[in-house]
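Undergrad: Below is one structure. I have some questions about it.
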Amino acid sequence: MVLTDTHAHLYSSKFDIDRPDMMERAFRSGVERIFLPNIDSGNIAAMLDLCQAYPGKCFPMMGLHPCSVRNNVEDELAIAEDWLFRKETPVPFVAVGEIGIDLYWDKSTLDLQRQAFERQINWAKKLNLPVVIHARDAFDEIFEVTDRLHDDNLRGIFHCFTGTAEHARKIMSYRSFLMGIGGVVTFKKAGLDLVVADIPMEYLVLETDAPYLAPSPHRGKRNESGYLTHVAHKLAKIKGLSPEEVATLTTENSKRMFGV
């Protein structure tokens, strides 16, 4: 069984005490492909070091997270753009991400977040790379942008999908976006399992968002890629499939999206 974690921040300092052991646990659990989204300039070196330490296992993205959109946004965007458009990098970037809009933490930066989101979408289209979208409390604002910019060159993943059935139908209407399903689907009162039940497997990939959002039975603790098995088993139960079938289908979806 080959599992793919399409979204994990394994370069986080939360793993500094046991990163090699954590990585080995992930590989033993069947997670053989791990995609690392960028946050801002502060973690680029650590992210690339991890990808170089695990070639063919870890794959980096480049972008500016909406929660890092502040007064220095132009400087941060310039750094991300420089990395993306370099002719040579230590490891090739497989997506523009993590980008998007987050209105949970700070609504005052909405205009800046929207501008940064649009600019990075246009980079992705120029480079023929997928985007990985963060959409916390901001589906309407995200859709306003993607409706305007969507064309045959735009594709990607709505990371950590926790939306409604209506949101899922909207995403599927683009026909070029997937939804990342993580630990929240295992939470008893979240209700995400009811939404996911009606989403065809062709639109789904798995993720952890480690070190955040650990699935049950580890909820509230540090998340790690090895815990993806809990998400896979929950999705298998929802869909009436075997965990092996879920692993195969979601890994193939990730291969088509990232080209890896």
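Derivation of every value follows stated rules applied to the coordinates shown; laboratory data play no part. This is a predicted model, so every value here is computed, not measured.
Undergrad: How large is ³J(HN,Hα), in whole Hz, for each residue of region 251-260 in order, when computed from phi with the Karplus curve 6.51 cos²θ - 1.76 cosθ + 1.60 and θ = phi - 60°, using x for Gly and Pro?
TA: Running phi through 6.51 cos²θ - 1.76 cosθ + 1.60 with θ = phi - 60° gives 5, 4, 4, 5, 5, 5, 6, 8, x, 10 Hz.
Undergrad: Beyond 26 Å, what share of the Cα-Cα pairs of the chain remains, rounded to the nearest whole percent?
TA: 35
Undergrad: If amide hydrogens are placed 1.01 Å from N in the peptide plane, which non-local residues have theirs closer than 5 Å to the one on Asn223?
TA: Distant-sequence amide H within range of Asn223: Tyr212, Ala214.
Undergrad: If you don't mind, there's one more thing I want to ask. Would you pull out the residues with amide H under 5 Å of Val131's amide H, same chain only if 5 or more places away, H placed 1.01 Å from N?
TA: Val96, Arg155, Gly156, Ile157
Undergrad: Near the amide H of Met179, under 5 Å away, which other amide H atoms are found, from residues 5 or more places off or on another chain, if H is placed in the peptide plane?
TA: Answer set, sorted by chain and number: Phe158, Leu204, Val205.
Undergrad: If the cut-off is a Cα-Cα distance under 26 Å, which lysines reach Lys188, setting aside same-chain residues fewer than 8 apart in sequence?
TA: Within the straight-line cut-off, Lys188 pairs with Lys170, Lys221, Lys234, Lys237, Lys239.
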